[in-house]
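Participant: The following block contains the structure, expressed as structure tokens.
The values are calculated or read from the model by the stated rules, or taken from the named source; none is laboratory data. All values reported here derive from a predicted model rather than from experimental measurement. A quick note on method: Cβ atoms are made from the backbone with ideal geometry, for glycine too, and the neighbour counts reach across all protein chains shown.
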Amino acid sequence: MADKTPPPEPDRLPGAPHPRERDVLFGQEEAERAFRDALEAGRLHHAWLIGGPQGIGKATLAYRVAKFVLDRGGRPAGPVDSLDVPPGSRAARQVVARAHPGLMVLRRVPATDKKAASTTIPVDEVRKALQLFGSTAIDEGYRVCIVDSADDLIPASANALLKMVEEPPPRSLFLILSHAPQRVLPTIRSRCRKLLLRPLADDALTRVIRSLPEPLGAAPDEALATAIRGADGSARRAIELLDPDRARTVETVEGLLAGLPALDWRKVAALADRLARKGAEQDLEITLETVERWASELMEARAGEGARRLAPLVEVCEKSARAAVDADIYNLDRRPLVLSLFGDLAEAVRATR
């Protein structure tokens, strides 16, 4: 009998609950306070740009706000001590089930039996979702749109979203997430209240992981400590690094980077072969994140030498990011990308010496 299990959502980590399913948010009390203050004062801005690195709680915060607003409205009576909504409330259950008529989520389209997951948010999906905002709100309640994330919008999609953000209907709320908010369309940025979330502290990361179901929540202390050290304040990255195979990938990449400009091409070729395999997309993403983190730390340590001298490293990181997107979109062989990445890094390090 054919396996009828639906393909995984593009933004869900295996073994971890989706942000819409979470009832708690750790380490982002200041950001949550901004929403609570706005709600309590009855001045909830219609559009928020929630920025910060991937995996630090932006989506969890957005879903908490959405549940609260859909459950209690934008001007709740009395003080707002918490954004908690009873898990058994109708609004919360509908949000978790992706069935609330007042909530639209713009994200990459999940895979189907016949089609792979999209790598961008298509303009047709934006137009379809925004039809919600042209209709009458249910029971005169709020309508909420979560964009997860703006980094996945193509120009046509961003412009379609802009039209609604520019002239929002009453009682509407846009929660626009971005891992790189400075790259969001300037006309969208100018119409949003900006909220920047910081990377999570180690104790907050520990609480996040320990709150997850087994086996993630029961990870050995040593494995968790190692994952947190390499997570850069991202719960998503810490979860990924609890996978022994991905932890070994990071270890391999860090070893190659430590030896630059010299390279062991046999190890580079072996890594390229592994990252080119089907299903290794997340391993490639972790590889690029590890390279970017290494380059950022190197540039920070050598900041006194001037931006011009360190420009070759920036160019390599930008080139590899573009190549990774192209490989994903056009289903290209990832092996040449990896070989080129390390060759370019070796040349860049030589040029900056």
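Participant: Pull up the range 158-209, narrow it to residues that are among the aliphatic types (A, V, I, L, M) and touching a Ser or Thr at 6+ places or on another chain (Cβ under 6 Å), then point me to the one that is nearest to Leu241 (Cα to Cα).
Facilitator: Leu177
Participant: Scan the range 213-239 residue by residue and report those that are polar (S, T, N, Q) and over 18 Å from the mean Cα position of the chain (by Cα). Outline the logic, then answer.
Facilitator: Keep residues of the range 213-239 that are polar (S, T, N, Q), which gives 226, 234.
Passing the criteria: only Thr226.
Rundown of residues vs (1) aliphatic (A, V, I, L, M); (2) closer than 22 Å to Trp48 by Cα; (3) free of Cβ contacts under 8 Å to residues at least 40 places away in the same chain, yes/no style:
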position	(1), (2), (3)
Leu173	yes, yes, no
Pro186	no, yes, yes
Arg193	no, yes, no
Pro199	no, yes, no
Ala204	yes, no, no
Pro220	no, no, yes
Thr226	no, no, yes
Ala235	yes, no, no
Asp243	no, no, yes
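Participant: Could you figure out which of (1) within 22 Å of Ile176 (Cβ to Cβ); (2) among the β-branched types (Val, Ile, Thr); (3) modelled with pLDDT under 95 isn't true of Thr5?
Facilitator: Unmet condition: (1).
Participant: Then there is this: Residue by residue through the range 160-182, note down the ones that are among the aliphatic types (A, V, I, L, M), part of a helix (DSSP H, G or I) and within 14 Å of Arg193 (Cα to Cα).
Facilitator: The answer is Val165, and nothing else.
Participant: Right, another one. Among the residues of the range 266-281, is any of a type in the set (Gly, Ala, Ser) and more than 15 Å from Phe342 (Cβ to Cβ)? First the steps, then the outcome.
Facilitator: Filtering the range 266-281 for residues of a type in the set (Gly, Ala, Ser) gives 269-270, 272, 276, 279-280.
Filter once more, so that each one left must be more than 15 Å from Phe342 (Cβ to Cβ): 279-280.
Scanning the range 266-281 turns up at least one residue that is of a type in the set (Gly, Ala, Ser) and more than 15 Å from Phe342 (Cβ to Cβ).
Participant: Among the residues that make up the range 69-87, is at least one of them polar (S, T, N, Q), surrounded by fewer than 18 Cβ atoms within 10 Å (Cβ to Cβ), modelled with pLDDT of 95 or more and more than 28 Å from Asp232 (Cβ to Cβ)? Show your work before the answer.
Facilitator: First pass over the range 69-87, keeping only residues polar (S, T, N, Q): 82.
Adding the requirement that they be surrounded by fewer than 18 Cβ atoms within 10 Å (Cβ to Cβ) leaves 82.
Among the residues that remain, those that are also modelled with pLDDT of 95 or more are: none.
Taking every residue of the range 69-87 in turn, none turns out to be polar (S, T, N, Q), surrounded by fewer than 18 Cβ atoms within 10 Å (Cβ to Cβ), modelled with pLDDT of 95 or more and more than 28 Å from Asp232 (Cβ to Cβ).
Participant: Give the residues of the range 219-242 that are surrounded by 19 or more Cβ atoms within 10 Å (Cβ to Cβ) and either in contact with a strand residue (DSSP E or B) (Cβ under 8 Å, 6 or more places away or on another chain) or farther than 30 Å from Pro312 by Cβ (or both), sorted by residue number.
Facilitator: Ala219, Leu224, Ala227, Ile228, Ala235, Ala238, Ile239, Leu242
Participant: If you go through the range 183-199, how many residues are more than 22 Å from Arg33 (Cβ to Cβ) and in a loop (DSSP other than H, G, I, E, B)?
Facilitator: Residues flagged as more than 22 Å from Arg33 (Cβ to Cβ) and in a loop (DSSP other than H, G, I, E, B) within the range 183-199 amount to 4.
Participant: Next question, about the same structure. Could you tell me which of the residues Ala59, Ala47 is under 16 Å from Asp151 (Cα atoms), surrounded by 15 or more Cβ atoms within 10 Å (Cβ to Cβ) and touching a helix residue (DSSP H, G or I) at 6+ places or on another chain (Cβ under 7 Å)?
Facilitator: Just a single option satisfies the conditions, and that option is Ala59.
Participant: Kindly provide the set of residues from the range 139-156 that are farther than 20 Å from Arg98 by Cβ and assigned to a helix (DSSP H, G or I), ordered by number.
Facilitator: Glu140, Ala150, Asp151, Pro155, Ala156
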